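A.B. asks: Mind having a look at this structure? Questions to follow.
The values are calculated or read from the model by the stated rules, or taken from the named source; none is laboratory data. Just so it is clear, the structure is predicted and the values come from calculations on it, not from any experiment. We place every Cβ from the backbone using ideal geometry, glycine too, and count neighbours over all the protein chains shown.
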Amino acid sequence: MTATIETLLADARLPVSAPRTFDVAAGLRRLAADASRRTPTTEVTRAAQAGQRLGVVCRWVLNEPDAPSHVAKIAEGPDQGPLSEEELDVDGALVFGCLLYLTTHPESAQFWWQLAAGAGSRAAAYCLHLHHLSLGESRRAWHWLHQLTHSMADTTPPDAAFLEGLEIFARYVRDNGSRALAPTRRLEGEVDRLAARTPGSGVIVARPDRQLVARLEEFTAGR
């Protein structure tokens, strides 16, 4: 027998249960927990801001007119062997690290920044501070901040006002833009080519070559 619409509706009617009282305290706890999941924590916010500042600093370094000449000093060549401590151009390692960071090779950038910082580059130490801060690695971040402000005795350390000025500048660039350009696809391609020479390691320890330097020269000339 075909069921009538009234029969189907009656069968589908939900049973009525006894009224329940609403637990206000439990409801507020659920709302608070949901809000905590939606609102970034202080650590997350600080990490994001550090990453933004590091991107600004790296673009600033990479767009300097003398960036290619410094990278050329650490580039490999037919008459050059492994890069020695005496041959290391500190600014070249800094620039190369910034290029690697901006082309999504942060572990490789860290390697070259550490070389530069170990040779006395305060700018590289600052990059390492921001890099570790962006990863939530507070202990390592403050280690490099201490190196930046205290442990490099060969030059005068920056004071708190200078570092604060850098952060204000980074925020301004983030909000208003900058003439400092990001690496072009051609530059990214050169970095990827170098990365392919060291497969499986995850870190580009190979020196830049003349072909990459030529692309960097084109990049800075086209600003």
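A.B. asks: Working only within the range 200-219, note down all residues that are farther than 17 Å from Asp66 by Cα and hydrophobic (A, V, I, L, M, F, W, C).
C.D. replies: Within the range 200-219, Val203, Ile204, Val205, Ala206 meet the criteria.
A.B. asks: Follow-up question, since we're still on this one. Filter the range 122-157 down to the residues that are at pLDDT 90 or above and over 16 Å from Arg53 (Cβ atoms) and list them by number. It would help to see each step written out before you state the result.
C.D. replies: As a first pass, look at the range 122-157 and keep what is at pLDDT 90 or above: 124-144.
Scanning the range 122-157 gives Arg139, Arg140, His143.
A.B. asks: Looking at Ala119, Ala170, Ala160, Ala109 in this structure, which one is crowded, with 21+ Cβ neighbours inside 10 Å, among the hydrophobic types (A, V, I, L, M, F, W, C), touching a helix residue (DSSP H, G or I) at 6+ places or on another chain (Cβ under 9 Å) and modelled with pLDDT under 95? Full working, then the answer.
C.D. replies: Details: Ala119 fails: crowded, with 21+ Cβ neighbours inside 10 Å; Ala160 fails: crowded, with 21+ Cβ neighbours inside 10 Å; Ala109 fails: modelled with pLDDT under 95.
From the options Ala119, Ala170, Ala160, Ala109, the qualifying one is Ala170.
A.B. asks: Pairs, please: C-beta under 6 Å, at least 6 apart or cross-chain, first residue under 21 Å from Asn63 (Cβ atoms) and in the range 184-198, second modelled with pLDDT under 90 and not acidic (Asp, Glu)?
C.D. replies: From the range 184-198, the pairs are Leu194/Ile204; Leu194/Ala206.
A.B. asks: Give the range 203-223 a look and list any residue that's within 22 Å of the chain's Cα centre (by Cα) and either exposed (fewer than 13 other Cβ atoms within 10 Å of the Cβ) or not hydroxyl-bearing (Ser, Thr, Tyr) (or both), or say none. Spell out how you get there, then give the answer.
C.D. replies: Restricting attention to the range 203-223, the residues satisfying the condition of being within 22 Å of the chain's Cα centre (by Cα) are 203-208, 212, 216, 219-220.
Within the range 203-223, Val203, Ile204, Val205, Ala206, Arg207, Pro208, Leu212, Leu216, Phe219 meet the criteria.
Table: residues versus (1) under 22 Å from Arg46 (Cα atoms); (2) of a type in the set (A, V, I, L, M, F, W, C).
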position	(1), (2)
Leu102	yes, yes
His105	yes, no
Ser121	no, no
Ala125	yes, yes
Arg139	yes, no
